[in-house]
Amino acid sequence: MLKKVEVHGYCDERFEIVKEAFLKNFEDDLEVGASFAATINGEFVVDIWAGYANASKTIPWERDTIVNVYSTTKVMTVLCTLMCVDNGLLDLDAPVAKYWPEFAQAGKEKIPVRYILSHTSGLSGFEKKLRTKTLYDWDQVVNILAAQKPWWEPGTKSGYHSLTHGYILGELVRRVTGKSLGTFFREEVAIPLNVDFHIGFSEEHDSRVGELIPPDFDLNELAATIEPGSIAMKTLVNPTLTAKEPLTRAWRAAEIPAANGHGNARSVAKIGAALACGGELDNIRLLSSNTIDTAIEEQIYDTDLVLLYPVRFCLGFGLNSKEINLGPNPRTFYWGGFGGSVIAMDPDAKTSFSYVMNKMVWNPGIPSDPRTVRLGDAFNNVLDTL
């Protein structure tokens, strides 16, 4: 007989069906450990967690358990980039090469900053074959990208910049502030907002990092669904990352701003709350509302060359669409990470919700995770009644 799952944390009684949906994911054997949090007007209405932090189910998922959220990290990196825009340090329409002269190589001298944010620059992956450990050498990676030729005409198509997004935006932040992306995020966002999210961290946090559990697929299955030599294949398998890499100290110590952020639903949802509430939370202003409005203007809406399904991209985020709908309002914006983590923000309702887990799921070409759909629907159904 399966042991009954106990859900911990706080849930406003109005959102009891969200807690029930969260529990249902465990009862349907879709989870090992997970957390979910939601805010309205910057205040938490849900902050819950349950299950185990490891695959063998011997370590409970605790209030302060954090895990690698993969590409949900991009939301933090985009936030830092937009803060530089807000402060006049970056111009969205200026060439990347204005701030990073070496980037002008291989016909990239006119690519504007906004093309990086919207995944339309033509630099979705690495032409040069990389080993995973190369990702830990910041200067080597950005030099590779500076010398690389775009894979398609910039601005004409989106191709999800799986890993390159964080390096290019991170280098822009470094060039205009003198701080690495991880340092800028920690000093300008995490510490002021008191959020437990990290892009590169020391051994002191290792004991509370949850173990990611790999999705049930292999590279042969991936190869069968994606054309060999295509932009999608070149982007997704160079280098090939697994759920085991986040177990290493080298991965945790590095700054990989598109992929190695660590946090939980509480920390992610709180950052989302700042974005949903016009750029200010707890009397800390990160962005102007005008910059947020600009950031969530549609840039391109087409079948993505890497993800292989339609994505409505704005500047750094996905926007609500018929394929991916995370809220009742069309300006709802979001992003998620490999395996299932997600953050959704609605600036019109001033809400955010986030889901973070350790049991990874991935179905190439399918844009939604049934766990997220269940939780998001439950949360939004309650909002409709308020």
Just 301, 70, 52 to compare: in a GNM of the chain, with alpha carbon springs under 10 Å, which one fluctuates most? 301
3J(HN,Hα) from dihedral phi, segment 250-262, Karplus parametrisation 6.51/-1.76/1.60, rounded to Hz, x for glycine, proline: 4, 5, 5, 7, 6, 10, 10, x, 9, 8, 10, x, 10
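So what's the back-of-envelope 222 nm ellipticity for the chain, counting only DSSP H runs of four-plus at -39500 (n - 2.57) apiece and dividing by all residues, rounded to 500?
-8500 deg cm²/dmol
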Taking a cut-off of 27 Å between Cα atoms, list the lysines near residue 108, but don't count ones fewer than 8 places away on the same chain. 74, 98, 128, 129, 133, 149, 157, 179, 234
May I ask for the net charge around residue 294, where only other residues with Cβ less than 10 Å from the Cβ of residue 294 are counted and Lys, Arg are +1 while Asp, Glu are -1? -2
Using +1 at the C-beta of Lys and Arg and -1 at the C-beta of Asp and Glu, which of 135, 96, 49 has the Cα lying farthest in the positive direction of the dipole of segment 40-189? 135
Residue by residue through segment 331-337, what is 3J(HN,Hα) from phi via Karplus (6.51 cos²θ - 1.76 cosθ + 1.60, θ = phi - 60°)? Round to whole Hz and write x for glycine and proline. 8, 4, 10, 6, 7, x, x
Estimate the FRET efficiency between residue 284 and residue 102 by the formula 1/(1 + (r/R0)^6), using the beta-carbon distance for r and 51 Å for R0, to the nearest 0.05. 0.90
Check which residues have an amide H placed less than 5 Å from residue 281's amide H, if you skip close sequence neighbours. 286
Checked segment 300-380 against the a/c 1.5 cut and the a/b vs b/c comparison, axes a ≥ b ≥ c from its Cα gyration tensor; verdict oblate
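At a 10 angstrom cut-off on C-beta neighbours, averaged per residue, how do the peptides 54-61, 256-263 rank from highest to lowest?
256-263, 54-61
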Just check segment 53-135 against the gyration tensor rule for me: Cα atoms, a ≥ b ≥ c as the square roots of the eigenvalues, rounded for a/c under 1.5, and otherwise prolate or oblate depending on whether a/b exceeds b/c. oblate
Which of rounded, prolate or oblate describes segment 62-211 when judged by the alpha-carbon gyration tensor and an a/c cut-off of 1.5? prolate
Show me 185-192, 99-106 ranked by packing, highest mean number of other Cβ atoms within 10 Å first. 185-192, 99-106
Relative contact order, percent, the chain [alpha-carbon distance under 8 Å, six or more residues apart]: 24 percent
Once Lys and Arg are counted +1 and Asp and Glu -1 for all other residues with Cβ under 13 Å from that of residue 374, the total becomes -3
Taking the Cα centroid of segment 301-332 and of segment 107-181, what is the distance between the two, rounded to the nearest whole Å? 21 Å
Given H placed 1.01 Å from N in the peptide plane, which residues other than close sequence neighbours of residue 122 have an amide H under 5 Å from its amide H? 155, 159
Under the rule of at least 5 residues apart or a separate chain, name every residue whose amide H is placed under 5 Å from the amide H of residue 339. 361
Could you tell me the calculated FRET efficiency between residue 237 and residue 385, based on Cβ-Cβ distance and R0 = 45 angstrom, to the nearest 0.05? 0.50
Which value, in debye to the nearest 20, gives the size of the charge dipole of segment 210-312 about its Cα centre, when Lys and Arg are +1 and Asp and Glu are -1 at the Cβ? 440 debye
Can you give the relative contact order of segment 44-153 as a percent, counting alpha carbon pairs under 8 Å and 6+ residues apart? 19 percent
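Could you give the length gained by full extension between residue 6 and residue 216, i.e. 0.36 nm per residue of separation minus their alpha carbon distance, to one decimal place? Walk me through the numbers before you get to the answer.
Details: separation 210, 0.36 × 210 = 75.60 nm, distance 2.57 nm.
Extending this stretch completely gives an extra 73.0 nm.
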Can you report the principal axis dimensions of the chain using only the alpha carbons, biggest first, rounded to whole angstrom? 60, 46, 42
Between 0 and 90°, nearest 10: helix 265-276 axis offset from the chain longest Cα axis: 60 degrees
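By the scheme Lys and Arg +1, Asp and Glu -1, what is the net charge of all other residues having a beta-carbon under 14 Å from that of residue 91?
+2
Mind ordering 84-97, 265-278 by average Cβ neighbours within 10 Å, highest first?
265-278, 84-97
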Once phi for every residue in segment 45-57 is put through the Karplus expression 6.51 cos²θ - 1.76 cosθ + 1.60 (θ = phi - 60°), the whole-Hz ³J(HN,Hα) values, with Gly and Pro written as x, are 10, 9, 7, 10, 8, 6, x, 10, 8, 9, 5, 7, 6
Set of lysines with alpha-carbon distance to residue 4 below 26 Å, sequence-local pairs under 8 removed: 19, 24, 57, 359
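Read-outs throughout are calculated quantities, based only on the coordinates presented, and are distinct from any laboratory measurement. Because the structure is predicted, anything quoted here is derived from the model rather than measured. Here the Cβ is made from the backbone with ideal geometry for all residues, glycine too, and neighbour counts use every protein chain on show.
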